[in-house]
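*Asks:* Here it is, the structure in full.
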C-alpha cells in the first residue's frame with residue numbers, strides 16, 4: 001500500500017533536501033550506508049517479528065537500485081527514512097514526532113508474523129519486508145543526513161505504538177492537500193500539510209494523532225521517552241492517589257485519580273496519565289484540560305488497575321512517571337453481606353448484578369466486614385425511597401437519603417476512604433421513613 005508518493009512541501013517554498021549541520025559525531029553510526037549481505041532464505045523465513053510491544057531489532061529492505069536485500073538496524077532505518085525526505089527537519093516538532101511514530105509503526109507492521117506480502121521476494125528466493133522507494137518508504141542511507149531534531153523525535157516516541165479498535169494497525173501518511181487542520185483526516189492516515197497547520201495552532205503530537213486517527217485510537221507506551229540530557233525535568237511533589245467518587249452511577253467514571261502539581265522553573269505545560277489493567281500495557285487516558293491535577297476514570301469490578309502520571313514543563317522536558325498503588329475493585333453482595341431483619345431479594349435488570357435486596361422494616365440491617373482502603377454503598381434512588389443510617393466500625397457516621405425525583409439505579413450513595421488498606425465493617429440500617437420506608441441495597445464496592 002502506498003502512503004508516501006507525494007513530497008511534503010512548505011506553503012511558502014518547495015521542498016528541498018535540507019541537510020542539517022547540527023548532527024553531532026555520536027550520530028555518525030546512524031547515517032552511514034548499510035551493506036549487510038543477506039544469506040539466502042525462503043519467503044517464510046522473513047523477519048516474522050512476534051511482538052507488538054517491543055520493536056524488532058532489524059528490518060529487511062530491498063534496495064531497488066542495487067538489486068539486493070539489506071538487513072538494517074530497525075531504529076536506524078526509521079531515522080534514515082525520515083531524513084530521506086519523508087519527514088523533513090523544517091516541519092514543526094509535533095509533526096515530526098507524529099511522523100516518527102507513523103514511519104516506525106508502518107515498517108513494524110510489515111515485519112510482523114502473518115503480515116509479509118508473499119510477492120516481496122527476490123527471484124532467487126530472498127525475502128524482504130519493505131522496499132526502499134515510495135511503494136513503502138523512501139530509504140536512501142547514502143545521501144540521508146539524520147538531523148538532531150529528527151533523531152530526537154524518534155527517541156521521544158520510541159516507546160509508543162498506536163492501536164485502532166485495540167489492534168496494532170498500519171499507520172499510513174501522505175503529504176496531503178493544502179487544507180485546514182484535520183480537514184482531510186480519514187481515521188487511518190496522517191497528512192503532513194494539514195498537520196503542519198495543526199501544530200501552528202498549538203497542537204502537540206498526541207493531539208494531532210488523536211485528530212487524524214480517531215475514532216478508537218489508543219496510545220500504548222512500553223517505555224517513557226527520555227528527558228533531555230542536561231536539563232532537569234519536572235518532578236511530582238507527591239504520589240498518585242485514587243478514591244471512589246460519591247453520587248455517581250456504576251458504569252460511569254466512579255474513580256477519581258489525583259496527583260500533586262509538579263515543581264519546575266519553566267512551569268508545567270501538561271500532564272500525561274496512563275492506566276494498566278490486570279498487569280497489561282500502559283495506555284493514555286484522555287484529559288479534559290492539560291494542566292489539571294486530577295481526572296475521573298471508569299473501572300471494571302473484578303479487575304486490577306494501576307495509574308501513573310508524568311509532567312511536561314514549558315521547555316518540553318518530561319518527568320519520570322510516578323505510579324500509584326494497585327487498585328483492585330470488588331463488588332460484593334450476599335453471601336458476603338449479612339442481612340438481619342426483614343429483607344427481600346428481588347430480580348432487577350437495572351441492578352449491578354441483576355438482583356438486589358430491599359426492606360421497609362425499621363431497624364433492618366445489612367453489614368459487611370471487608371479489607372480495603374475505600375468502600376462505597378451502591379443503591380437505587382427514587383421518589384419512593386427512604387433514609388438509612390450508615391455506621392463504620394461500630395460508629396454511626398451519617399444518615400443518607402435515597403429520595404430523588406427520578407428512579408436512578410446503581411448509584412453510589414455513600415463512600416469512605418482510608419489511608420491504608422485494613423479490615424473494616426460497614427453497616428446500613430433502614431430507618432423506615434414515613435411515607436417512603438423502602439431502602440434498597442444493590443452492592444458494596446471495595447477498593448483494596
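*Asks:* How about segment 118-139: which of its residues are in a loop (DSSP other than H, G, I, E, B) and surrounded by 17 or more Cβ atoms within 10 Å (Cβ to Cβ)?
*Replies:* Selection gives 120, 126, 128, 129, 132, 133, 136, 137, 138, 139.
*Asks:* Does any residue of segment 89-106 turn out to be crowded, with 19+ Cβ neighbours inside 10 Å, under 31 Å from the mean Cα position of the chain (by Cα) and farther than 20 Å from residue 206 by Cβ?
*Replies:* Checked segment 89-106: no residue is crowded, with 19+ Cβ neighbours inside 10 Å, under 31 Å from the mean Cα position of the chain (by Cα) and farther than 20 Å from residue 206 by Cβ.
*Asks:* Any idea which residue in segment 407-448 is farthest from residue 364 (Cα to Cα), counting only those that are within 40 Å of the chain's Cα centre (by Cα) and outside any strand (DSSP E or B)?
*Replies:* The selected residue is 448.
*Asks:* With the requirement that a residue be crowded, with 17+ Cβ neighbours inside 10 Å and out of contact with any strand residue (DSSP E or B) (no Cβ under 7 Å at 6 or more places or on another chain), what does segment 407-448 give you?
*Replies:* 432, 437 - these are the residues of segment 407-448 that are crowded, with 17+ Cβ neighbours inside 10 Å and out of contact with any strand residue (DSSP E or B) (no Cβ under 7 Å at 6 or more places or on another chain).
*Asks:* Taking residue 345 as meeting all but one of (1) in contact (Cβ under 8 Å) with a residue 24 or more places away in the chain; (2) assigned to a strand (DSSP E or B), write down the number of the exception.
*Replies:* (1)
*Asks:* Find all pairs meeting these conditions: Cβ atoms under 9 angstrom apart; at least six residues apart or on different chains; first residue within segment 141-159 and free of Cβ contacts under 8 Å to residues at least 12 places away in the same chain; second residue surrounded by fewer than 22 Cβ atoms within 10 Å (Cβ to Cβ) and assigned to a helix (DSSP H, G or I).
*Replies:* 152/93
*Asks:* Restricting the search to segment 385-406, which residues are out of contact with any strand residue (DSSP E or B) (no Cβ under 6 Å at 6 or more places or on another chain) and part of a loop (DSSP other than H, G, I, E, B)?
*Replies:* 394, 405, 406
Per-residue answers, yes or no, for (1) under 19 Å from residue 163 (Cβ atoms); (2) in the same structural domain as residue 373 (by TED's automatic domain parsing); (3) within 20 Å of the chain's Cα centre (by Cα); (4) in contact (Cβ under 8 Å) with a residue 40 or more places away in the chain:
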residue: 240; (1), (2), (3), (4): no, no, yes, yes
residue: 245; (1), (2), (3), (4): no, no, no, yes
residue: 248; (1), (2), (3), (4): no, no, no, yes
residue: 274; (1), (2), (3), (4): yes, no, yes, yes
residue: 278; (1), (2), (3), (4): yes, no, yes, no
residue: 286; (1), (2), (3), (4): yes, no, yes, no
residue: 293; (1), (2), (3), (4): no, no, yes, no
residue: 303; (1), (2), (3), (4): yes, no, yes, no
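The values are calculated or read from the model by the stated rules, or taken from the named source; none is laboratory data. Owing to the predicted nature of the structure, the values given are computational and were not obtained by experimental measurement. Because the Cβ atoms are built from the backbone with ideal geometry, glycine has one as well, and the counts that use them run over all protein chains shown.
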